[in-house]
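Just so it is clear, none of the values below were taken in a lab; they were calculated from the coordinates. Note that this is a predicted model, so its numbers are computed, not measured. Note that we place each Cβ from the backbone using ideal geometry, even for glycine, and neighbour counts take in every protein chain shown.
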Amino acid sequence: MRYLISFLTIISSLSAMERQPNIVLIFTDDQGYEDLGCFGSPLIKTPHLDRMAAEGRKFTSFYSANSVCSPSRAALLTGCYPTRVNVPGVLFPRHDTGLNPDEITIANLLKGQGYATACFGKWHLGHKPSLLPTAQGFDHYFGIPYSNDMTIDPEATLSNDIVFRAGMSKERIASLEKHPKNWVPLMRNKEVVEYPADQTTLTKRYTEEALTFIEENKAKPFFLYMPQTMPHIPLFASEAFRGQSARGLYGDTIEEIDWSVGQILQALKKHGVDEDTLVIFTSDNGPWKLNRGRGGSAYPLRGYKFSTYEGGMRVPCLMRWPGKIPPGTVTDTLAASIDLLPTFAKLAGTTQPSDRVIDGRDIWPIMSGAPDSRPSHDYYYFYKGQRLVAVRHGDWKLHIQGKQGTRKHSVELYHLGEDIGETTNLADQHSEMVKRLSERMHTFDEQLKRKARPVGKHNEG
Ligand code: MG
């Protein structure tokens, strides 16, 4: 009997040791599918990310839910298509809307499970006080509230300790009729702490915040969300990285992000939580199309940011969790950023919200390399604003652009298995498939819009 009791004690303490994992989610901005060593970049050097791939799993059919910033982030954090949560397009400093605080974000969900939560980087889901990360489940926020090519909202709350640069002052902000582009505020929680933000140091400062957060929270589960400002244009790298990459300034910014990832992985080891931490690296959408190779590369995919061709929405993705995710493996099974919320819910010992539709699916079988794991979506949908314009089903992808009967109407069908670059339109040869997929699109879009939820409006109270 005594032996049985001590055996049971060991069993129960073992399961108690199965602690909830820490989750680090690194989300770059406008990084192309090819722009990582382990995804084939011939010039950009990413040794830390390549090591992360060698120690983890590489996803080659991983999709963001939109080809631009705000909707992609809304989807990532809610597990829903952006149209469902009514963040269909890019938010600007003039807007007083954002992700509805009634939505349950990954941060809300994990906080409810006892996690410490932080967001260090670019938010872009509403910059007014009632829409910022601290109103959406994050304990801490440090970063820029929207894209780095925007301006300041003169109504933003300035901290008493604000650092002004480039001759700016409270009075100048209030009196300027037109605020300079590419000058964005740097915020801590709900206040602007620096204006204009010194963009050359952002990657470095986000990393420092992350290292402090990891150290302070190593004893409990934590969720660290790092939506990097780079490589969205205008591009900036710190002195140590500027001029170093063979791929120009674009490469410099990614090599600095690679350094940042290296620092975080090292900190997890140093604090003894490496094996308790799931780290995910991915991008919000495809690269800018710029002349003379200044933009990123989505090779071998077609299209760029703003496009629902693969290059606009299929993004590089790596996942690492020692002992849980099989090292050095690659999966081409379809998975998407909307799947992270349901998956994290399960890993944290809870379930996804049941009082609303969640579009994502638990992808733990794909992440853990379970044999025969299926694509997370039999039909994966591509929205442009409020318009549903494409669907992927297995290897087939159908695009329908423009209204029927207009000159802009086009129907394109590609077989991604044989034609990843979407070069040969097979619509005429496979009219049955076109019919079947277009009916699916129609039905899904109607269902989604019937159950769409309202955008968030800033609430002064
Ligand atoms: Mg983006």
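Just name the residue that is nearest to the ligand (Cβ to nearest atom) out of those in the range 128-183 that are in a loop (DSSP other than H, G, I, E, B) and of a type in the set (Ser, Thr, Tyr).
The qualifying residue nearest to the ligand (Cβ to nearest atom) is 147.
Based on this model, can you work out whether residue 99 counts as surrounded by 24 or more Cβ atoms within 10 Å (Cβ to Cβ) and of a type outside the set (Ser, Thr, Tyr)?
Considered against the rule, which asks whether it is surrounded by 24 or more Cβ atoms within 10 Å (Cβ to Cβ) and of a type outside the set (Ser, Thr, Tyr), residue 99 comes out as yes.
For the range 61-93, how many residues meet the condition of being of a type in the set (Phe, Trp, Tyr) and over 21 Å from residue 318 (Cα atoms)?
At the first step, the residues of the range 61-93 found to be of a type in the set (Phe, Trp, Tyr) are 62-63, 81, 92.
Remaining after also requiring over 21 Å from residue 318 (Cα atoms): 81, 92.
Qualifying residue count, the range 61-93: 2.
For every residue, the table says whether it meets (1) surrounded by fewer than 17 Cβ atoms within 10 Å (Cβ to Cβ); (2) among the β-branched types (Val, Ile, Thr); (3) over 17 Å from the mean Cα position of the chain (by Cα).
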{"residue": "297", "(1), (2), (3)": "no, no, yes"}
{"residue": "304", "(1), (2), (3)": "no, no, no"}
{"residue": "315", "(1), (2), (3)": "no, yes, no"}
{"residue": "325", "(1), (2), (3)": "no, yes, yes"}
{"residue": "331", "(1), (2), (3)": "no, yes, yes"}
{"residue": "336", "(1), (2), (3)": "no, no, no"}
{"residue": "348", "(1), (2), (3)": "no, no, yes"}
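Please tell me if residue 243 is closer than 29 Å to residue 165 by Cβ, in a helix (DSSP H, G or I) and among the small types (Gly, Ala, Ser).
Against the criterion (closer than 29 Å to residue 165 by Cβ, in a helix (DSSP H, G or I) and among the small types (Gly, Ala, Ser)), residue 243 does not qualify.
Which members of the range 184-222 meet the condition of being among the charged types (D, E, K, R), more than 13 Å from residue 260 (Cβ to Cβ) and part of a helix (DSSP H, G or I)?
Selection gives 215, 216.
Where residues in the range 270-290 are farther than 29 Å from residue 247 by Cβ and outside any strand (DSSP E or B), which of them is farthest from the ligand (Cβ to nearest atom)?
272
Do the conditions hold for residue 121, that is, is it within 16 Å of the ligand (Cβ to nearest atom), crowded, with 24+ Cβ neighbours inside 10 Å and either more than 25 Å from residue 334 (Cβ to Cβ) or within 11 Å of the chain's Cα centre (by Cα) (or both)?
yes
Report those strands (runs of 3 or more DSSP E) wholly inside the range 291-409 carrying at least 2 residues which are within 25 Å of residue 261 (Cα to Cα).
Details: elements: 317-320, 329-331, 380-384, 387-393, 396-401.
Per the criteria, 317-320, 329-331.
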